[in-house]
1. Residues Lys95, Lys115, Lys87: which one is in contact with a helix residue (DSSP H, G or I) (Cβ under 8 Å, 6 or more places away or on another chain) and open to solvent by 40 Å² or more (accessible area, probe 1.4 Å)?
2. Would you check which residues across segment 281-305 are hydrophobic (A, V, I, L, M, F, W, C) and out of contact with any His (no Cβ under 8 Å at 6 or more places or on another chain) and list them?
3. Determine whether segment 305-315 contains at least one residue that is assigned to a helix (DSSP H, G or I), in the same structural domain as Glu258 (by the TED database) and of a type in the set (Lys, Arg).
4. Given (1) more than 27 Å from the chain's Cα centre (by Cα); (2) closer than 23 Å to Glu221 by Cα, where does Pro252 come up short, assuming only one miss?
5. Pairs please, first residue from segment 355-380 and on the phi > 0 side of the Ramachandran plot, second anywhere and open to solvent by less than 50 Å² (accessible area, probe 1.4 Å), Cβ atoms under 6 Å, 6+ apart in sequence or on different chains.
6. In the set Leu293, Leu234, Leu254, Leu288, which member is open to solvent by 10 Å² or more (accessible area, probe 1.4 Å), part of a helix (DSSP H, G or I) and touching a helix residue (DSSP H, G or I) at 6+ places or on another chain (Cβ under 8 Å)?
7. Considering only segment 323-342, state which residues are buried (at least 16 other Cβ atoms within 10 Å of the Cβ), more than 16 Å from Val237 (Cβ to Cβ) and hydrophobic (A, V, I, L, M, F, W, C).
8. Would you point out which residue out of Gly160, Gly179 is in a loop (DSSP other than H, G, I, E, B), more than 27 Å from Leu296 (Cα to Cα), touching a residue at least 40 places away in the same chain (Cβ under 8 Å) and not basic (Lys, Arg)?
Amino acid sequence: MARTELSNGLNLRDNPEKLTENGTGSSHGLDPEVNGNVVPGETQVDKYGFTGGAHAEEVPTEVLRQREAKWLEMLNSWDKWMAKRHKKVKERCQKGIPPSLRGRAWLYLSGGKVKRELNQGKFQKLDEEQGDPKWVDIIERDLHRQFPFHEMFAARGGHGQQDLFRVLKAYTLYRPDEGYCQAQAPVAAVLLMHMPAEDAFWVLVQICEKYLPGYYSAGLEAIQLDGEILYALLQQVSSVAYRHLKKQKLEPTLCMTEWFMCIFSRTLPWASVLRVWDMFLCEGVKILFKVGLVLLKCTLGSQQKLKDCQGLYETMELLRAINPEYMQESFLVHEIIELTISETKIEKEHNAQLRRWKESHGDLHCKSPPRMHGAKAIMTSEPHSKQHLKQRPAITVESPLAPKTDVNEENAATRSRKTKDEDEMKTAFPSQELINPYAPSSDPSPLFEHITLKGSKESLSSVEQDTYL
């Protein structure tokens, strides 16, 4: 059965329109949570790519360059750092990964790099397949809802939405038993803001299979279990907040499902989202629990704060509009680091909640593999070689439809001279004619026959050069 709406109220409208070339309708939503907390009507683009985004804290340039040098050193010897100096990797993730290296760091932290190397050509094969029409239709209707105020996804049918479709469709083919869940779309979109489609696909696979197994399966049993774990931990962290939520009979899934399934990408200011993701991909799901506990404690953790939310409705409204001070980057990261929640404690609560679940509901319908608590656990569990961690050089992608530049003309002239020299050599030394199987055809490549370039500033330009560090 197609899961087009989550029971937690992800509030994605049931829009029947399909994203096609002739599709009409607004590509901008009104909910600031799906737009990176931006203000509609603004035109200035912030450093994250959001139109009208709020001002973020700036790291001094000198400090940033020092961090980049340290991260480059780590990425060049990743296996040694993870094996012998994992604590230092963790500390540097807590300080924030440099923006220029964030995509590569996420790929390595998640194990997506090794997964990609072990499955060479797999994504390309999935990308070429048509996909199940049931999932394709739902995915197409969801594309324009993902961060519509981000320059990468603003253009309907633009390259951002095309790549998002490719990644999500490929996942439904990779895991046909799981299919597609709406909460995967914002997760994949965040990844695409930092890396190419193939890398984003493999990091998404790692998140779904290693970090949050069962979260996106039918029935959402895993997220319900983690909701109970969150409340059990909250009782230890803030008894005032816990008692209030129990008194109001507010089920955990009502407040935390979107938080956890979307990895807070639809909740926090963008600077905070990125810092949370840096720590999450390093340390695992405990970071999500910590963020949830911090927000609940700060919002409901004292009698003074509870004066204006005596009922269920008032409590829900307060949790939907959390005080921005509690979500501010430096404050939130400090609170997350200070809060002590271990993997052992989470697993202990998981086992306790699993026993209660079996007593009241029976066995789980979805048998998910055990989750991995962070980058080190994932790396230990997946055999790899140094070759799998070898970095690819920076890639410059040039559109084959681009007009020839001076460089292209110079190259063409060089080839012409080379051809003339070869002809002279053949005249001097006659030999049997050889057919070059790789000679360029005069017909346009069939690879690009189906591509329609969109006439908007967000779409592919005539010469698009993207460098992935």
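The values are calculated or read from the model by the stated rules, or taken from the named source; none is laboratory data. Since the model is a prediction, treat every value here as computed from it, not as a measurement. Here the Cβ is made from the backbone with ideal geometry for all residues, glycine too, and neighbour counts use every protein chain on show. To get the accessible areas, we keep the full protein, side chains included, count just its heavy atoms, and leave off ligands, DNA and RNA. Shrake-Rupley method; radii C 1.70, N 1.55, O 1.52, S 1.80 Å.
1. The match here is Lys95.
2. Of the residues in segment 281-305, the ones hydrophobic (A, V, I, L, M, F, W, C) are 281-282, 285, 287-289, 291, 293-296, 298, 300.
Selection gives Leu281, Cys282, Ile287, Leu288, Phe289, Val291, Leu293, Val294, Leu295, Leu296, Cys298.
3. Here is the first cut: in segment 305-315, the ones assigned to a helix (DSSP H, G or I) are 312-315.
After this cut, where a residue has to be in the same structural domain as Glu258 (by the TED database) as well, the list is 312-315.
Then keep just the ones that are of a type in the set (Lys, Arg); that gives none.
Checked segment 305-315: no residue is assigned to a helix (DSSP H, G or I), in the same structural domain as Glu258 (by the TED database) and of a type in the set (Lys, Arg).
4. Condition (1) is where Pro252 drops out.
5. Once the first residue is on the phi > 0 side of the Ramachandran plot and sits in segment 355-380, its partners that are open to solvent by less than 50 Å² (accessible area, probe 1.4 Å) give Gly374/Cys282; Gly374/Glu283; Gly374/Gly284.
6. Values: Leu293 fails: open to solvent by 10 Å² or more (accessible area, probe 1.4 Å); Leu234 fails: open to solvent by 10 Å² or more (accessible area, probe 1.4 Å); Leu288 fails: open to solvent by 10 Å² or more (accessible area, probe 1.4 Å).
Selected residue: Leu254, the only one of Leu293, Leu234, Leu254, Leu288 that is open to solvent by 10 Å² or more (accessible area, probe 1.4 Å), part of a helix (DSSP H, G or I) and touching a helix residue (DSSP H, G or I) at 6+ places or on another chain (Cβ under 8 Å).
7. Met327, Val333
8. Working: Gly160 fails: in a loop (DSSP other than H, G, I, E, B).
Only one candidate passes the filter, namely Gly179.
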